[in-house]
Amino acid sequence: MGEASAVNAIQLFRTIVDNPIMRRILRGFSKHCDKDGGNRLEIALELIVGVRKKACFKCQISKKILAPIIRVAAKGFGVPDSKMKEKFADPAWRRGLVNVIRGIGWFGVRHPFVPGAPFQIVWNITKACNLKCIHCYESAGGKKDPDELSTEDVLKGIDRLADAGCVILAFSGGEPTIHPDILKFIKHAHQKGIYAAVATNGLAFASRETVKEYKRAGLEFAQISLDAAHAEVHDKFRGVPGAFEKTVKGIKNCVDEGLFVEVAMTITKANYKEMPATVELADKLGARWFMLYNFVPVGRGVEIIDLDLTPDEREQVLTLCWEKMKTMRIDLLSTAPQFAKVAQDIEERNMKLHKESSSRDVVPTHFYNPQLSGQLKRLADFIGGCGAGRFYMSIEPNGDLYPCVFFPHEKQVKVGNLLTDDFEPIWRYNELLWECRDKDKLAENCRSCKYKYTCGGCRARAYNYFHNVCAPDPGCTLNKEYWLKLKNMKNRHVN
């Protein structure tokens, strides 16, 4: 299928769904069906791909409306019917598609796109931890907080997230494997059709039997933190001698047990030169993704704010990361939105230098690196940029909701509580979330930047440095003036 045909099909898809009448219909069919026990759109999709044979009359009508929309969308991306049915036999893929359709129903085809519910929730299930990381956004320690939710309340919260349409639930902390009921939480999320993940230091997974237990419970994805390729650097970063050896063993065990493994590295002045060797180690261990975490001065990270990279250092690391992707099996991602800017800059320069189209069709985003060639690269504007409050949210151990884990626990940026508030109205109407989403509200230099939709800066870094979610991210070379002002202000304060 030619690129022009693909673009035409996508434009046709947008014409079909992005009008007031169709959006109203989609909203109506995205409600819960008591008779069939699920979201009506999800049931319709189950009928389309053949994993369900019978349904009530209204769900059958939903199928008739949804089927041609799905066919047009699949054609737009060159996906044959057989491949589509294979993908959407997986409940996580079905839930993801329904989330996109619900987002169109509620918000339209926005620029950037907002789904009907967070694609990912990171739930810091406890503040207890068996390490003492110098950069911990949660200021985690040896004990849990007294107001952490009960097991029954966590299970109730998982039910609410499932009903809202959340696709991925990542249990984090603190250290999630310390929680005595973590396996129960993973199993419950899995049974609700949610893709279950953990963000862990990997120490518990040094036991292969433990990994097997987690996999039997329904765990599919393990993000394991590895902050250097050398034990002395990693252990200093993590505050406990011997952590490196157990973490590496944990990564290998998860790979060997068939989990999707992502190795995560938080970059600061203390370890950024370790990045190439750490990527190579993760690749050698068999991890599928390597996530370069943007350092955000929050939690205990405030105490090491001097270790934040300069804009030039960050660009240097991201450039190296992009170039390294050309020779690696492992896929490299970054929570630094500037990764997309750096990649696009490099490829534009290469095109001018060689006077030919770029051979790199990857456009980095927060979640993955989609292959988008030619005109299809315009789709990056819909899915790229900071995902805080747009593609994901975070939950604290007491149930409090924030746009992402890197926002401080302050009243100004708390958007509600999972147990005491109705989640879906928060997602649809909360003002702070819409400030995070609307790139046209950004302050300069982000607002006028040509990369504001694929990058737009990290909203958590903007808030933690300027107490304004729409402020510029001082970690970008295009915002170097703000970085220098911050440095000068600090110097004056010290003197």
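The values are calculated or read from the model by the stated rules, or taken from the named source; none is laboratory data. Values in this document were obtained by computation on a predicted structure and should not be read as measured data. Methodologically, a virtual Cβ is constructed for each residue, glycine included, from the backbone with ideal geometry; neighbour enumeration extends over all protein chains shown. To get the accessible areas, we keep the full protein, side chains included, count just its heavy atoms, and leave off ligands, DNA and RNA. Shrake-Rupley method; radii C 1.70, N 1.55, O 1.52, S 1.80 Å.
Observations on the structure shown:
- Considering D422, D440, the condition of being exposed (fewer than 14 other Cβ atoms within 10 Å of the Cβ) and at pLDDT 95 or above is satisfied by D422 alone.
- Residue count, the range 131-165 (criterion: assigned to a loop (DSSP other than H, G, I, E, B) and buried (at least 19 other Cβ atoms within 10 Å of the Cβ)): 10
- Scope the range 220-241; condition in contact with an Asp or Glu (Cβ under 7 Å, 6 or more places away or on another chain) and among the small types (G, A, S); matching residues: A228, A229, A231
- Scanning the range 223-260 for residues that are open to solvent by less than 10 Å² (accessible area, probe 1.4 Å), of a type in the set (A, V, I, L, M, F, W, C) and either in contact with a Ser or Thr (Cβ under 6 Å, 6 or more places away or on another chain) or under 25 Å from A270 (Cα atoms) (or both) gives I224, L226, A228, F237, A243, I251.
- Residue under evaluation I61, criteria (1) open to solvent by less than 60 Å² (accessible area, probe 1.4 Å); (2) out of contact with any Pro (no Cβ under 7 Å at 6 or more places or on another chain); (3) within 19 Å of I194 (Cα to Cα), criterion not met: (3)
- The residues in the range 216-230 that are closer than 21 Å to M291 by Cβ and not in a loop (DSSP other than H, G, I, E, B) can be counted, and the count is 7.
- Restricting attention to the range 64-91, the residues that are part of a helix (DSSP H, G or I) and modelled with pLDDT of 85 or more total 6.
- Test: residue in the range 24-40 that is farther than 29 Å from I395 by Cβ, open to solvent by less than 30 Å² (accessible area, probe 1.4 Å) and either among the aromatic types (F, W, Y) or not in a loop (DSSP other than H, G, I, E, B) (or both): no
- Among the numbered conditions (1) over 30 Å from E303 (Cα atoms); (2) open to solvent by 50 Å² or more (accessible area, probe 1.4 Å); (3) modelled with pLDDT under 95, the only one that E209 does not meet is (3).
- Filtered by the rule that a residue be open to solvent by less than 30 Å² (accessible area, probe 1.4 Å), over 23 Å from N253 (Cβ atoms) and assigned to a loop (DSSP other than H, G, I, E, B), the range 266-299 gives T268, N271, F295, V296, P297, V298.
- Boolean, S225 is under 23 Å from the mean Cα position of the chain (by Cα) and over 26 Å from A117 (Cβ atoms): yes
- Looking only at the range 301-340, and only at residues there that are under 23 Å from K127 (Cβ atoms) and within 22 Å of the chain's Cα centre (by Cα), the one that is most open to solvent (accessible area, probe 1.4 Å): T335
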